[in-house]
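Worksheet: the structure to be examined is printed underneath.
Values quoted throughout were computed directly from the atomic coordinates according to the rules given, and no laboratory measurement underlies them. Note that this is a predicted model, so its numbers are computed, not measured. Here the Cβ positions follow ideal geometry from the backbone for every residue, glycine too, while neighbour counts run over all protein chains shown.
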């Protein structure tokens, strides 16, 4: 089965039943309304964004990945099912959101995903820990974006990949940061 089809099948298995999940995936009646009225987009455009945003994760990735924030996991747990050799850490400030992501991971029987509550502005990890840091629809919500970016690049290994995207109020998705490479000098604090 193609990776894309495996991910779509896993989406169906995770339920897509909460308002947030339906909204973020444009998959429920109310979610489609939000997508159309607020973001001026449809399900096809949403799916294309998600595919592009996640395309930076290699198909057979087996390194360490950090997702901040994980939210409910609706956007990424299905992908993680296709990466059994990866060491994945999901962090979120909200225990409720993270709990929903954990339920999805358990439902999909993911053994390679760990969860941790925390603040992206003060990541509880050593320097140079992760090969990829992924943030989908999260950075706009962080109160101290400068600290969040500084922390992401601190925990990212040299040559690692940081990719993020968010739904824009103009009705289009901002392009993911095309695999920003870690700067050779860390930003000054």
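Worth a mention:
- Extension reserve of the residue 144-residue 114 stretch, reckoned as 0.36 nm per residue once the Cα distance is removed: 8.3 nm
- Put in line by how crowded their Cβ is, counting other Cβ atoms within 10 Å and starting with the fewest, 51, 67, 103, 151 read 51, 103, 151, 67.
- The alpha carbon gyration tensor of segment 67-129 gives principal lengths a ≥ b ≥ c with a/c of 1.5 or higher and a/b no greater than b/c, which makes the shape oblate.
- For segment 18-134: rounded, prolate or oblate by the Cα gyration tensor [a/c cutoff 1.5]: prolate
- Likely footprinting exposure, 19, 130, 61, fewest C-beta neighbours within 10 Å first: 19, 61, 130
- Exposure proxy order (Cβ contacts within 10 Å, fewest to most) of 74, 24: 24, 74
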